Amino acid sequence: MKYLSLRRVIVALALLMILVPTIGFGAPRGRQQNAKYVFYFIGDGLGLNHLLGTELYNAKVHPEMADEGRLSFTRFPIHSFVTTHSASSLVTDSAAAATALACGVKTNNGSLGVDAEGVAKKSITELAKEQGMLVGLCSNVAINHATPSAFYAHCKKRSEYNYIIDRLIEGNVDFVASSTILSRSKSGLKAADIAEQARTAGMEVVQSADIAAGVRGKRVMLLSDSLSRKALRFATDRTATDPTIVDYTRAAIRYLEREAGRDGFMLMVEGGHIDYACHDNDAVTTFEEINDFSRSVALALEFAERHPEQTLIVVTADHETGGMAVGYSKYKMNMERLAFQRTSQEQLTSKMQHMRESGRVSWEDMEQLLREYLGFWSHVTLRKKDEATLRRTFRENFLPEGDKVVGLYTSNEKMAVEAVRILNKRAYVNWIGMSHTGAHVPLFVKGVGYERFLECFDNTDIPKKIAEAMGCSLK
Ligand SMILES: [Zn+2]
């Protein structure tokens, strides 16, 4: 009997040794390798309720989506959260948060790639380069905006855009994909000048994601042709030919997978548009941006299927934006009421501005616009007080010259802001404000070395754990 029991124990232990590592991508325990391919996804402004809201919205509004609209990463073996405060405030800005996520140190709001004393700190991508890895950075906002910049620049002021882009071009990041470049001067940086500077530095500068993916033996700068815009179009607004963060991610993976040698690569992808939509308190646009972000992560999961024993995927956020609440009143949620919003608040503002420019505008014209792009009256019934608010806003702010609601990145028509606010509330989605909050942010990890993230409590822990998974140390 004793022998049988012992044998059972041995069999059980052997099974455990086989099964437990498959929670990652299946690397056998005991001879687990270091992470050779590292994916680092950062959803700008992406809070815990934003994720819940997106999955509930998808389940109601996108019945065609697989897995009832679940995001590609919310069931990773590590599904946790981290604190985000900066050295100077309990509520971080994007620069301090990006520095924590890139360099593993707290710094003051506004600073990039330096500690609170202004001393430059090595980033995880700089460490990856030292290890012989290739490095890619993708963003659907500007590549010299806070989040990507902390991975390659070191300066006390995030607004030093010209200095920051110089660091990128003169540096050694292998693959860069961005919608635009920010400039400190009013005249703006000229696309042609940036392209010329990058070419002189030895980069291949292209506008097409497909062409970027095929570049061999050279550093790549993929810049969409929308340099006059501040970012790619929102997912809710784009046409079939507009590039997306998913296109950028796919191109980066094709390039890096082919060009990387035995030391592998690290790819950072920022879903920067999520934050823009949150600053506007625009739930549908936020959710659709998160869906784009999720599709980008899905590409990394496809890659991991080809390299299961060498890939690490980390998904997190820099801070929460807007203080989103889902189901904020009466124990109710009606996400299906969001199914008829066909444009972002920003684009709704553009449409209203066109109406202004066309001359006389009647309430009936405005009704038609709100019916067409938000589904008001046709699909979303409005309460009497909502309709009264809309009519008053129209009377007071649209005719003859209306106020703008100035957000961090946009200046929207008050009429558009009010209409989207009412729609959000009809779905029982609400926002505390238009700024960042001090809330926890999510952390999801899968793949080689995921166990290290079990004890990851603060955003500065994340790049240190990634370094450990790569077999080195970030100091
Ligand atoms: Zn941010």
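Kindly list the number of the only condition in (1) farther than 24 Å from LYS36 by Cα; (2) outside any strand (DSSP E or B) that fails for GLU204.
Status for GLU204: all satisfied but (2).
Return the total of residues in the stretch 52-87 being within 16 Å of the ligand (Cβ to nearest atom) and crowded, with 23+ Cβ neighbours inside 10 Å.
2
For the condition within 24 Å of GLN207 (Cβ to Cβ) and under 16 Å from the mean Cα position of the chain (by Cα), what is the one hit in TYR276, TYR255?
TYR276
Inside the stretch 452-475, can you point out the residues that are outside any loop (DSSP other than H, G, I, E, B), over 14 Å from LEU101 (Cβ atoms) and touching a residue at least 12 places away in the same chain (Cβ under 8 Å)?
ARG452, LEU454, GLU468, ALA469
Looking at VAL119, VAL173 in this structure, which one is buried (at least 24 other Cβ atoms within 10 Å of the Cβ), at negative phi and of a type outside the set (Lys, Arg)?
VAL173
Run LEU90 past the list (1) in a helix (DSSP H, G or I); (2) more than 14 Å from the ligand (Cβ to nearest atom) and report the number of the one that doesn't hold.
All conditions are met except number (1).
Among the candidates LEU101, LEU46, which residue alone is among the aliphatic types (A, V, I, L, M), within 16 Å of the ligand (Cβ to nearest atom), closer than 30 Å to GLY327 by Cα and crowded, with 24+ Cβ neighbours inside 10 Å?
From the options LEU101, LEU46, the qualifying one is LEU46.
Return the only residue of LEU189, LEU232, LEU182 being in contact with a helix residue (DSSP H, G or I) (Cβ under 6 Å, 6 or more places away or on another chain) and at pLDDT below 95.
LEU182
Which of (1) closer than 13 Å to MET268 by Cβ; (2) surrounded by fewer than 19 Cβ atoms within 10 Å (Cβ to Cβ) is the odd one out, the single condition SER139 does not satisfy?
Going through (1) closer than 13 Å to MET268 by Cβ; (2) surrounded by fewer than 19 Cβ atoms within 10 Å (Cβ to Cβ) one by one, SER139 breaks only (2).
State which residue is nearest to the ligand (Cβ to nearest atom) when the search covers only the stretch 145-180 and only residues that are in a helix (DSSP H, G or I), farther than 16 Å from ASN108 by Cβ and hydroxyl-bearing (Ser, Thr, Tyr).
Per the stated criteria, the residue is THR147.
Going by the conditions given, is VAL114 in contact (Cβ under 8 Å) with a residue 12 or more places away in the chain and either hydroxyl-bearing (Ser, Thr, Tyr) or over 17 Å from GLY438 (Cα atoms) (or both)?
Spelling it out, VAL114 is indeed in contact (Cβ under 8 Å) with a residue 12 or more places away in the chain and either hydroxyl-bearing (Ser, Thr, Tyr) or over 17 Å from GLY438 (Cα atoms) (or both).
With respect to the numbered conditions (1) at pLDDT 95 or above; (2) surrounded by 24 or more Cβ atoms within 10 Å (Cβ to Cβ), which one is the sole condition not fulfilled by HIS145?
Failing condition for HIS145: (1).
Mind listing whichever residues of the stretch 114-139 are within 19 Å of the chain's Cα centre (by Cα) and either assigned to a helix (DSSP H, G or I) or within 16 Å of the ligand (Cβ to nearest atom) (or both)?
Matches in the stretch 114-139: ILE124, THR125, LEU137, CYS138, SER139.
The values are calculated or read from the model by the stated rules, or taken from the named source; none is laboratory data. Keep in mind that what you see is a predicted model, and the values were worked out from it rather than measured. Note that each Cβ is placed from the backbone with ideal geometry, even for glycine, and that neighbours are counted across all protein chains shown.
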